[in-house]
Amino acid sequence: MPDAPFPGLKLFITGPTYIRPEVRAAAAWPEFGHRDAENTKRFRPIFEDLAAIADLPQDYKTILFLGSGSTAMEAAIRSLVATDETVLHVSVGAFGDMWHKISLENGKKAALLAFEPGRAIDVATLEAAMDEHKPAVVAITHNETSTGVANDVVPLCRTIKAHGALALVDGVSIFGGAPTGIRESGCAMYCTATQKSLGLHAGFGIGFVSPEAVDKARHVTARGHASDILSHLGRAAKYQTQSTPNGALGNQMFVQLEYIVKEEGIATRFARHEAMRDMAQAFVTAQPGLTAFAQEGYRSPTVTTAAAPEGMTFAGLKAVKEAMRAKGYLFDPGYAKLNEDLEAAGKRPIFRIGHMGDISPDMLRGFLDALGEVLAAR
């Protein structure tokens, strides 16, 4: 095999993320038939390990959608929001806004409750919005990738359910890095994906679906095909996907999920992410001019955000990115649309530090040391 014509950068962005050599190598394993017994050898452990990582109640179902996290999020909307119903989207950043846009693009009656970037969802404000809009479905974000805010989904979902609505959760950038809260929250559907905290390539959206959601979907029309959760259930019961999956990614998932569950250990993995969050926050606190962006008490275990020093522009953060590239790292200068909006409002832009998946504290320490040097030279 020829050497790759591309640099081997160490990724500290918010996805895709670092992939272990053992997982990379598994992509070269033999191809297989997705309706054959060889599929079951791979995908039965995959389904079982995903359920273990999610701490999934026994009566919930796991679905693998061909695509990404947004594919699972769209399936939740298509399958669980009826034509005459309102879905309330509660957004704390760009990806909450995106989910609202997905609903509008699917012709749904969608309302939006948006919090200031960097702030978490407030229960009282959520209740007031539900009283106003009377939604049948409410969609919230567990971990907002653009702002580094991690909402406490358990009280939020319980509030939503107490008001008679279904709770949908976007957990794309946190699943595999922290508890889902599915068991305690009783959410109708939790949506996530492979390419972030699981330490895998993109290729599957993942949906954890409650009995309540399955029943609701039976009463919703025009669910589509790939977005119809009911059409996936028969195949999922056989540890299969609705249509032909990415076999190389399936091989990699088998290796990685077995590693997470049986070698590293789920609790150990979650504790490692918490430790890296604390390391990154300590770095931000110690650096002259930097300010933590996400609300205290709601800072993500998988992505840290910081407001740039006074006078540094988004263009300046892009220059930091290139200086870090020269040191062998891929730095994240922040979500473009958010930084453009912040600068237009006369506020400092933010940058992000992705510390998810299989990034270790030692790897993060090396990145932070290099970043400190680059920032000091600006």
Inset, instruction - For region 22-63 and region 331-378, compute the distance between their C-alpha centroids and round to whole Å. - result: 34 Å
Inset, instruction - Provide the per-residue ³J(HN,Hα) series for region 199-213, in order, calculated from phi with Karplus coefficients 6.51, -1.76, 1.60 and θ = phi - 60°, each as a whole number of Hz, with x at glycine and proline positions. - result: x, 10, 5, 5, x, 10, x, 10, x, 10, 10, 7, x, 4, 5
Inset, instruction - Compute the projected area of the convex hull of the Cα atoms of region 1-65, averaged over all viewing directions, and report it in nm² to one decimal place. - result: 7.1 nm²
Inset, instruction - Treat each spin label as a single point 7 Å out from the Cα along the C-beta direction, and report the residue 365 to residue 233 distance in nm. - result: 5.0 nm
Legend entry - Pairwise Cα inverse-distance average, inverted: Kirkwood Rh of region 268-378 (Å): 14.2 Å
Legend entry - Listed residues 212, 144 arranged by accessible area, highest first, probe 1.4 Å: 212, 144
Inset, instruction - Relative to the compact-globule scaling 2.2 N^0.38 Å, provide the ratio for the alpha-carbon radius of gyration of region 184-265. - result: 1.23
Inset, instruction - Can you send over the carbon and sulfur percentage of the accessible area for the chain, probe radius 1.4 Å, protein chains only? - result: 53 percent
Legend entry - Cα-based Rg and Dmax for the chain, where Dmax is the largest Cα-Cα distance (Å): 20.5, 61
Inset, instruction - Mind ranking 149, 255 by accessible surface for me, highest first, 1.4 Å probe? - result: 255, 149
Legend entry - Mean Cβ neighbour count within 10 Å, used as a protection proxy, ranking 347-360, 240-253 highest first: 347-360, 240-253
Legend entry - Tensor-based shape of region 194-337 (alpha-carbon gyration tensor, a/c under 1.5 rounded, otherwise prolate or oblate): prolate
Inset, instruction - Calculate one ³J(HN,Hα) per residue across region 62-77 by plugging θ = phi - 60° into the Karplus curve 6.51 cos²θ - 1.76 cosθ + 1.60, and present them in order as whole Hz with x for glycine and proline. - result: 9, 10, 9, 9, 6, x, 9, x, 5, 5, 5, 5, 5, 4, 4, 5
Inset, instruction - Skip the ligands, DNA and RNA, and give the accessible area per residue of region 1-146 with a 1.4 Å probe, whole Å². - result: 46 Å²
Inset, instruction - With θ set to phi - 60°, apply the Karplus curve 6.51 cos²θ - 1.76 cosθ + 1.60 along region 244-251 and write out the HN-Hα couplings as whole Hz, x wherever there is a Gly or Pro. - result: 4, x, 6, x, 5, 5, x, 4
Inset, instruction - Using the Kirkwood radius over Cα pairs, work out the Stokes-Einstein diffusion coefficient for region 34-110 at 20 °C and 1.002 mPa s, in µm²/s as a whole number. - result: 145 µm²/s
Inset, instruction - Collect residues whose amide H, placed 1.01 Å from N in the peptide plane, falls under 5 Å from the amide H of residue 330; neighbours closer than 5 in sequence don't count. - result: 10, 11, 12
Inset, instruction - Might you tell me the accessible area per residue for region 167-277, computed with a 1.4 Å probe and given in Å²? - result: 33 Å²
Legend entry - Cα-based shape type of region 59-199, given that a ≥ b ≥ c are square roots of the gyration tensor eigenvalues and the cut on a/c is 1.5: rounded
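The values are calculated or read from the model by the stated rules, or taken from the named source; none is laboratory data. Owing to the predicted nature of the structure, the values given are computational and were not obtained by experimental measurement. Neighbour counts are summed over all protein chains in view; Cβ atoms, including those assigned to glycine, are modelled from backbone coordinates with ideal geometry. Heavy atoms of the whole protein, side chains included, go into the accessibility calculation; ligands, DNA and RNA do not. Shrake-Rupley method; radii C 1.70, N 1.55, O 1.52, S 1.80 Å.
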